[in-house]
Amino acid sequence: MNDRGTTAAGGRGWVGDPVPRLDGPLKVRGEAPFAAEFAYDGLVHAALVHSTIPKGRVTALDTAAAEAAPGVVLVMTHHNAPRMRPMPLSGTSEKAGGPDDLPVMQDDRVRWNGQTIAVVLAETPEQADHAASLVGAEYDAEPSTTSLARAKADGTHTAVLFGHELHVEVGDAEAALAAADVAVDATYRTPYQNHNALEPHALTVVWHGDDLVVHDASQVVVHTAWTLAHMFGIEEERVHVTAPYVGGHFGGKGVWSHQPLAVAAAKLAGRPVRLALSRKSVYRLVGGRSLTEQRVAIGASADGRFEALIHTGTSAHTRNDALVEAFPFTSRSAYATRTLLIDCQGAYQDMLTPSTMRAPGEAVGSFALESAVDEVAVALGLDPVELRIRNEPAVDPTSGRPFSSRHVVEAWRAGAERFGWAKRNPVPGAVREGEWLVGTGCAAASHLYVRQPGGRARLTLTADGAATVEIAAHDAGMGTATAQTQVAAESLALPPDRVTIRFADSTLPGLVAALGSSQTVTVAATVLAARRALVAELLTLVGTGSPLAGLTPDEVGPHDAGLARLGDPGRHESYASILAAAGRADVVVEASAPPPTEMAEWSMHSYGAMFCEVRVSAVTGEARVSRFLGSLDCGRVVNPTTAGGQFRGGIIMGMGLALTEQTLVDERNGRIMNPGLGEYHIPVHLDVPEIDVIWTGVPDPRSPLGARGIGELTITGTGAAIANAIHNATGKRVRELPITPDKLL
Ligand code: MOS
């Protein structure tokens, strides 16, 4: 039996088919329950009150008016909140999910501007919102650090990622830069950004005695269950977290303070509680991307070979978190440079804990790196596609490890052909149509390959020949369940309508977070492991008269709703027949995926060549993306329909990153000034042109199924492709995101 997911004898394959999302009809009919839609008798609604200072103490809370307001059940503050342990910091144990390890409403301290200081429960959401507006607070403010300049003045520290300091030196990059024929050396800045999933964070909570049920908008159900159990001092088995349908996670739907607050309020009230965060509360309580200040310097020889690559800088975070926006990460493996210096510094601020957000590090790091590469191309008078191909590394420049599969040069050539790159005018500002300055630009995309170690699944085969796979993975609209139905169907030689995937439930096997664009390979490796266990189990059941009698697991493979001898499909028995002959109603196996050793042995990434055409108004300074092409190299694509959605969605996020997205923070007090979609601008339909995506489709021989990650790939590179196109259109090099009209006039 092979482990590539193919059938024994070339039977019908499903992997690679453009299967529409299986949850589509349910969602269109409104029959897919989201976290804030679970109904319980006696359910009450929560609204939150947020602090208005960044640091200090709450000296007085006036809750009397709120408590007297219509429909109010109770007001919870640090005076009456149930005891909870601090949130366990992510990474301190395998199921710990906290972005920080702060106590939640256990004392009078304020630790960021926007922290929850009161929770109001009422019979209706409107009554809760109204009563929350009546809560008064007085503070004793303390000196705080709420600007990057002030934080840097207090000293910075080297950031740590995956347990390693983010600092790499190969040779003497500063000396090589100084000696290079051509050098660019520039500072790039990217702003704070906030999460704006279509579905704001929400949960419905019900206590049954000491048993806790939580329907959450989550990308980490098992981590959430474990974390809540720890905080409330109950057994993990007594907490049941589900997230069957979620409207986008993007790194923001982990564990935050609002979940323990809702659970505590439900405990205090003795009634089920629903907390659906307002968009404003999402900004106050759920951290997004922190700001960065990056230096990228590249020294090149006259023929365009990189002699030095320097990518350093600083990002702000808090004293209680575990993560810094790791912007120089992507520069470790991007180019065949003779010398390399990478360094990421963190600076402490009194702020909401920043967190993972859509290609953390790589999205904003690739903006700086790929802008600088474009600057080198301009300085050399060399085509930017050719410059990148000329610096294509043979092995990983940092680790020295071979690439598992890297066909980005093919992606560059195919993309350039399809985009019509050869027709480009390389002279900045040379193409004008009326008021519109037209330009084109390109940039490389890249995203680290991750396969999680926690893949474990239960596979049940029933007497009617249907299969169910159960694994605590997640689907927020990416198509996880659809893709894995295809994987399971193909690997079991069953039609997809005979396969059910159950997921996003903390009582299921496995520890699989929807993070790092890693679920497809993590779950697929687990499905294949479960298939192997199932085949072994079925062979112990076959009778002596079976065509399969005497065969070992390595001699058979799934074929036509059953098993057959490899290369001899005539020796076949259906699953239904095997179970019937053995008198079994079902066969249940549970299996774990092999550990992800490929990540240590190979340099593994997904890649892309991004091409953009922009039109910049010489009158208003507005930049419109008029054409975009992503030419990708990301291994085998399991489902072109759902993958196409991921690719296009990422490019649209990259458009927001380049042109509009910015959380405005008042540096005097750390207050977010634009907490809502009215003033925090993301691309809307009219901003988005037809987006073309193509891919090499070359399977990665080192990954399960030959697939790599795709979810966050196209958020990288896109920002720089747009900025580089704007330079080509206008001659203006904007090194600070977002590229708003004022920067182009
Ligand atoms: Mo993603 S930021 O790894 O959910």
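The values are calculated or read from the model by the stated rules, or taken from the named source; none is laboratory data. None of these values were measured; they are calculated from a predicted model. Note that each Cβ is placed from the backbone with ideal geometry, even for glycine, and that neighbours are counted across all protein chains shown. Side chains are part of the model used for accessible areas, which takes the heavy atoms of the whole protein and leaves out ligands, DNA and RNA. Shrake-Rupley method; radii C 1.70, N 1.55, O 1.52, S 1.80 Å.
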Query raised in the report: Within segment 237-244, is there a residue that is closer than 22 Å to SER517 by Cα, of a type in the set (S, T, N, Q) and modelled with pLDDT of 95 or more?
Result: yes
Report summary line: Those residues of segment 327-337 which are touching a Ser or Thr at 6+ places or on another chain (Cβ under 9 Å), within 16 Å of the ligand (Cβ to nearest atom) and either in a loop (DSSP other than H, G, I, E, B) or farther than 14 Å from LEU291 by Cα (or both) amount to THR330
Query raised in the report: Does VAL324 satisfy being touching a strand residue (DSSP E or B) at 6+ places or on another chain (Cβ under 6 Å), within 16 Å of the ligand (Cβ to nearest atom), under 25 Å from PRO88 (Cβ atoms) and open to solvent by less than 20 Å² (accessible area, probe 1.4 Å)?
Result: yes
Report summary line: Note: among PRO738, PRO701, just one is open to solvent by 10 Å² or more (accessible area, probe 1.4 Å) and either more than 16 Å from the ligand (Cβ to nearest atom) or more than 21 Å from the chain's Cα centre (by Cα) (or both), namely PRO701
Query raised in the report: Quick one: is LEU563 modelled with pLDDT of 95 or more and away from the ligand (no atom under 16 Å from the Cβ)?
Result: yes
Query raised in the report: Identify, please: which residue in segment 338-372 is open to solvent by 10 Å² or more (accessible area, probe 1.4 Å) and of a type in the set (A, V, I, L, M, F, W, C) and is, among those, nearest to the ligand (Cβ to nearest atom)?
Result: LEU352
Query raised in the report: Out of (1) closer than 29 Å to THR227 by Cα; (2) in contact with a strand residue (DSSP E or B) (Cβ under 9 Å, 6 or more places away or on another chain), what's the single condition that is false for ALA175?
Result: (1)
**Report entry** Residue satisfying condition, being of a type in the set (A, V, I, L, M, F, W, C), under 25 Å from GLU601 (Cβ atoms) and without any contact (Cβ under 8 Å) to a residue 60 or more places away in the chain, within set ALA488, ALA457, ALA473
**Finding:** ALA473
Query raised in the report: If you check ARG150, ARG189, which single one turns out to be open to solvent by 60 Å² or more (accessible area, probe 1.4 Å), assigned to a strand (DSSP E or B) and modelled with pLDDT of 95 or more?
Result: ARG189
Report summary line: LEU369 meets each of (1) closer than 24 Å to PHE403 by Cβ; (2) touching a Leu at 6+ places or on another chain (Cβ under 7 Å) with one exception, condition (2)
Query raised in the report: Pairs, please: C-beta under 8 Å, at least 6 apart or cross-chain, first residue closer than 17 Å to THR116 by Cβ and in segment 28-51, second of a type in the set (A, V, I, L, M) and assigned to a loop (DSSP other than H, G, I, E, B)?
Result: LEU48/LEU277; VAL49/VAL135
Requested in this report: Working carefully through the options ALA229, ALA265, ALA217, find the one that is more than 16 Å from the ligand (Cβ to nearest atom) and buried (at least 24 other Cβ atoms within 10 Å of the Cβ).
Outcome: ALA265
Query raised in the report: Looking at (1) of a type in the set (S, T, N, Q); (2) closer than 21 Å to THR353 by Cβ; (3) in contact with a helix residue (DSSP H, G or I) (Cβ under 9 Å, 6 or more places away or on another chain), which is the only condition THR187 fails?
Result: (2)
Query raised in the report: Consider GLY678 against the criteria (1) more than 16 Å from the ligand (Cβ to nearest atom); (2) in contact with a strand residue (DSSP E or B) (Cβ under 7 Å, 6 or more places away or on another chain): it satisfies all of them except one. Which criterion is unmet?
Result: (2)
Report task. Give segment 29-49 a look and list any residue that's of a type in the set (Asp, Glu) and surrounded by 14 or more Cβ atoms within 10 Å (Cβ to Cβ), or say none. Result -> GLU37
Report task. Of all residues in segment 502-555, count the ones that are within 16 Å of the ligand (Cβ to nearest atom) and among the charged types (D, E, K, R). Result -> 0
Requested in this report: Give the number of residues within segment 235-250 that are crowded, with 21+ Cβ neighbours inside 10 Å and within 16 Å of the ligand (Cβ to nearest atom).
Outcome: 4
Query - Counted residues, segment 192-236 - those being aliphatic (A, V, I, L, M) and part of a helix (DSSP H, G or I) - result: 6
Report summary line: Over segment 124-147, the set of residues open to solvent by less than 80 Å² (accessible area, probe 1.4 Å) and in a loop (DSSP other than H, G, I, E, B) is THR124, LEU134, VAL135, GLU142, SER144, THR145, THR146, SER147
Report summary line: Checked against (1) more than 16 Å from the ligand (Cβ to nearest atom); (2) buried (at least 22 other Cβ atoms within 10 Å of the Cβ); (3) among the aliphatic types (A, V, I, L, M), LEU382 satisfies every condition except (2)
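To keep it simple, each residue is scored yes or no on (1) part of a loop (DSSP other than H, G, I, E, B); (2) touching a strand residue (DSSP E or B) at 6+ places or on another chain (Cβ under 8 Å).
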{"site": "VAL637", "(1), (2)": "yes, yes"}
{"site": "THR642", "(1), (2)": "no, no"}
{"site": "PHE647", "(1), (2)": "no, yes"}
{"site": "GLU661", "(1), (2)": "yes, yes"}
Report task. Identify all residues within segment 50-65 that are closer than 18 Å to ALA262 by Cα and open to solvent by less than 20 Å² (accessible area, probe 1.4 Å); write none if there are none. Result -> SER51
